[in-house]
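The values are calculated or read from the model by the stated rules, or taken from the named source; none is laboratory data. All figures in this text were calculated on a predicted structure; none of them were measured in a lab. Backbone-built Cβ (ideal geometry, glycine too); neighbour counts: all protein chains shown. For accessibility, only protein heavy atoms count, side chains too; no ligands or nucleic acids. Shrake-Rupley method; radii C 1.70, N 1.55, O 1.52, S 1.80 Å.
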Amino acid sequence: MENPAQILGNTAGGVIGFSWLMIALPLVGAAILLIGGRRTNKWGHLLGVAMSLGAFVVAVLALVQLLGLDPEQRRQAVHLYEFIPGMVDMGLLVDQLSISFALLITGVGSLIHIYSIGYMSHDPERRRFFAYLNLFVAAMLLLVLADNYVGLFIGWEGVGLASYLLIGFWYFKPSAAVAAKKAFIVNRVGDFGLLVGMFVMWTTFGTLSFAGLGDATIEQNGTVTAIGLLLLLGACGKSAQLPLQSWLLDAMEGPTPVSALIHAATMVTAGVYLVVRSGAFFFPLGSTAALVAGIVGTATLLAGAIIGCAKDDIKKGLAGSTMSQIGYMMLGAAFGPVGYAFAIGHLITHGFFKADMFLGAGSVMHAMNDEVDMRKYGGLFSKMKVTAITFIIGYLAIIGFPLLSGYFTKDGIIETAIEHNPVMGWLAVAGAGLTGFYMSRMIFMTFFGKARWDKDAHPHESPAVMTVPLIILSIGAIGLGAFLVLGGRLYQWLAPAVGGARDFVPAFHPFSVPGLSTLALVAVGVVIAWFKYGKAEVPVTAPRGSFLTTFARRDLYGDALNESLFMRPGQWLTRLAVFFDNRGIDGLVNGLAATIGGSSGRLRRVQTGFARTYALSILFGAALLTGALLLVGNL
Amino acid sequence: MTTEYLVLSAILFVIGAVGVLIRRNAIVVFMCVELMLNACNLAFVTFARQWGNLDGQIIAFFVMVVAAAEVVIGLAIIVTIFRTRRSASVDDANLLKY
């Protein structure tokens, strides 16, 4: 295997030398909007969009420059400054992997910025919203462009902060404030893993840069596996993988563009990026850490799909689906360079079709007075054609309808998984069937069937500023998969960055047994959904449902588990600590003070005010002193 | 000789001490204090004579000077107290207490 981290000498020139602008532009935008305050209200959103678009332009120019280079040279280091002397040199690494992410982040991010102009037009705090979005874009770009784990970690925390601020954007709603805190705290658990992983990495290899690790000889032993598992814990937190998945569904309290940008298209995929970027070092094919990543991915893709089957809240349904799709990516990332390429491919196409569907859901909510309950939708197709058609394109892409994006990338992951680990692979096939069911359920309940609207709902199509991004995203949802996967284009592009062999084309078998069974299962799922939610009437109030339905509705009892395992014992612990503090420490301190106060109160009675008493005590004292002196003298 | 002087000094000291403890009149108490001081002076002078050097004699002078100063201050205080409280009893001046 080639060394994936071989940096080719000198600092890059041309546009790539200015790739720090990608981070700086949105950061400056956020700073202006936050410091400028209300004065920037009038044009704040335009500045936000301009900064995001500017970053996108830089990313495109950098891509053009990379494409002009020899494939072996497409790994450009941009040294910025010495961050921690002797330990961390801050620099950017512009290679095939990071530029793919940068394009996704700035491209989809800019579309979502534009969409938000319309979506947030009635919100008096729209400027603050754009400031946070810009902050997010800057942090996310730092995460993917940094050439070392410390820079990555700073971006990692930055996106966590932006996510917190945006989930709690409507902080006056208690549910949003709680969801924001929950996301932050659950992510802390993952960040702890990432941090400790970095500590161990530093003590073991003495370097935290990707280039340094590339030069180091890494044997797969216990320490390396531990680092891998710790990094995986971090990835699980950020990417809402089991067992740290519980925050993502609550994160839907934020404005819908946030759900689309951060909690579907970009930030939640940071975990996959971390695994792929560290892949050659800590997750090589066949290692324990990679196996665990595969197990986590498989479990999450099924859990997310099951949750998605029972949610009536359109955004929570999509959130379950996001969990599930990231599960697929994590599964792909467990299987070496070929798996990485498919995972990244699915990540990119998912970024398009999921953002498309989330923004479509936002458009529907916009039309329905912010109603999110799908049982109160129905028959919306004729009222909002553009939204409906783009949403359906996203839907066809995610269920893997032949020739659309999801078909190619998801199928690639499943094929790779079956090749290396049939159990995981066939479970992923089952997950695809579930995807077919829950996504069809969503489509039938929202756009078809009888209208079950509230009396004061007057659905209408959204303005062009919202529908144009939908159209662009749906074009990506149609064609991107074929473009990336056919002929192994994405694989050959990414191979030098992730350590794959370049003269290799991953096989694509559309008519293989797994491929056909996936299609068959998806078809079965769609048909079941049609009978249950298309043909039959959907009741406006949710039926109680079986044990399984409740199980899925309650997020597989994830919250209950967290509550009984961590929250309650934590509360007991704090109560015990409070008790100990009140009774033990306060008791000791107060008791000591009371003892001293009491005894001094008694002692002061000695001060009688009678001069003769004092004279007597002086006499006794003198006598005592004399006696003592005599005694000592005699000794 | 020395023993007799010292015995006298001790007797004077004890008389003074008992006087300080049992008498109430501030003037008498004061006189008793002077008696104790002079008992000490006697002891100093005795020892100076015994050992044939002047240290004790000098200390005695110091004690006298200090006693004189003390008498000036002390009597002034006693007179002031008597003016305000119409009493020279040390037991009546007992406000400075717990």
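Taking Cα centroids, how far is the stretch A:123-157 from the stretch A:598-622 in Å?
Using only Cα atoms to place each centre, the spacing works out to 74 Å.
Expressed as an acute angle from 0 to 90° and rounded to the nearest 10, what is the orientation of the C-alpha long axis of helix A:20-36 relative to the principal long axis of chain A?
Helix A:20-36 sits roughly 60 degrees off the main axis of chain A.
For the stretch B:53-62, take each phi angle, set θ = phi - 60°, evaluate the Karplus expression 6.51 cos²θ - 1.76 cosθ + 1.60, and give the result in whole Hz per residue in order, putting x for glycine and proline.
Values per residue, Gly and Pro as x: 10, 9, 4, x, 4, 5, 4, 4, 4, 4 Hz.
Counting other C-beta atoms within 10 Å, and keeping those with at most 11, which DSSP coil trypsin sites (Lys or Arg not before Pro) do you find in the stretch A:537-595?
Those satisfying the criteria are A:ARG544.
Under a plain spin-label model, where a point goes 7 Å from the Cα along Cα-to-Cβ, how far apart in nm are A:LEU631 and A:LEU561?
Rounded to a tenth, the inter-label distance reads 7.6 nm.
Over 20 Å apart: what share of the alpha carbon pairs of chain B falls there, rounded to a whole percent?
Tail of P(r) above 20 Å: 48 percent of Cα pairs.
Mind listing which chymotrypsin sites (Phe, Trp or Tyr not before Pro) in the stretch A:448-522 are in a DSSP loop and have 13 or fewer other Cβ atoms within 10 Å?
A:PHE504, A:PHE511
How much area per residue is accessible in the stretch A:283-542 when the probe is 1.4 Å and only protein heavy atoms are counted (Å²)?
Result: 33 Å² of accessible area for each residue.
For a label point 7 Å from the Cα of A:THR613 along Cα→C-beta, name the residues of the stretch B:69-94 whose backbone N is under 16 Å from it.
Zone members listed by number: B:90-94.
Tell me which residues come under 5 Å, amide H to amide H, from A:GLY449 once H is placed; ignore anything under 5 positions away on its chain.
Long-range HN contacts for A:GLY449: A:GLY379.
Helix-only estimate, please: 222 nm mean residue ellipticity of chain A, summing -39500 (n - 2.57) across DSSP H runs of length 4 or more and dividing by its residues, to the nearest 500.
Helices in chain A give a 222 nm mean residue ellipticity of -22500 deg cm²/dmol.
Could you work out the relative contact order of chain A? I mean the mean sequence separation of Cα pairs under 8 Å and 6+ apart, divided by the number of residues, in percent.
Once divided by the residue count of chain A, the mean separation gives 13 percent.
Angle between the Cα long axis of helix A:405-420 and the longest principal axis of chain A, 0 to 90 degrees, nearest 10?
For A:405-420 against chain A, the angle is about 70 degrees.
Just tell me which lysines come within less than 18 Å, Cα to Cα, of A:LYS450; anything on the same chain fewer than 8 places away is out.
Leaving aside lysines fewer than 8 places away in the same chain, those within reach of A:LYS450 are A:LYS376, A:LYS383, A:LYS385, A:LYS532, A:LYS535.
How big is the shadow of the Cα convex hull of the stretch A:373-443, averaged over all directions, in nm²?
Over every viewing direction, the Cα hull of the stretch A:373-443 projects on average to 5.4 nm².
What is the percent carbon and sulfur in the accessible area of chain B, measuring with a 1.4 Å probe over the protein chains and ignoring ligands?
Taking all protein chains in place, chain B shows 73 percent carbon and sulfur surface.
Hey, what did the stretch A:349-458 get for relative contact order, percent, Cα under 8 Å, at least 6 apart?
Relative contact order for the stretch A:349-458 comes out at 39 percent.
Could you tell me what percent of the accessible area of the stretch A:283-542 is made up of carbon and sulfur, with a 1.4 Å probe and every protein chain present?
Taking all protein chains in place, the stretch A:283-542 shows 71 percent carbon and sulfur surface.
Take every residue in peptide B:19-29, count the Cβ atoms of other chains within 10 Å of its Cβ, and give the average of those counts.
That average works out to 2.
Enter the angle in degrees (range 0 to 90, nearest 10) between the Cα long axis of helix A:568-579 and the first principal axis of the Cα atoms of chain A, meaning the one along which they spread out most.
Result, in degrees: 20.
For A:ASP586 and B:PHE82, FRET efficiency with R0 = 51 Å and r from the beta-carbon atoms, rounded to 0.05?
So the FRET efficiency works out to roughly 0.40.
Determine the gain in length on full extension of the stretch A:HIS122-A:THR203; use 0.36 nm per residue of separation and subtract their C-alpha separation, reporting nm with one decimal.
Working it through step by step, the gained length comes to 23.9 nm.
At the nearest 100 Å², what buried accessible area, both sides summed, do you get for B and A when the probe is 1.4 Å?
In total, this chain pair buries about 1100 Å².
For chain B, what relative contact order do you get, as a whole percent, if you take Cα pairs closer than 8 Å and at least 6 residues apart?
28
Between the alpha-carbon centers of the stretch A:211-253 and the stretch A:533-573, tell me the distance in whole angstrom.
About 27 Å separates the Cα centre of the stretch A:211-253 from the one of the stretch A:533-573.
DSSP loop (so not H, G, I, E, B), at most 16 other Cβ within 10 Å: list which chymotrypsin sites (Phe, Trp or Tyr not before Pro) in the stretch A:588-635 pass both filters.
Answer in residue order: A:PHE610.
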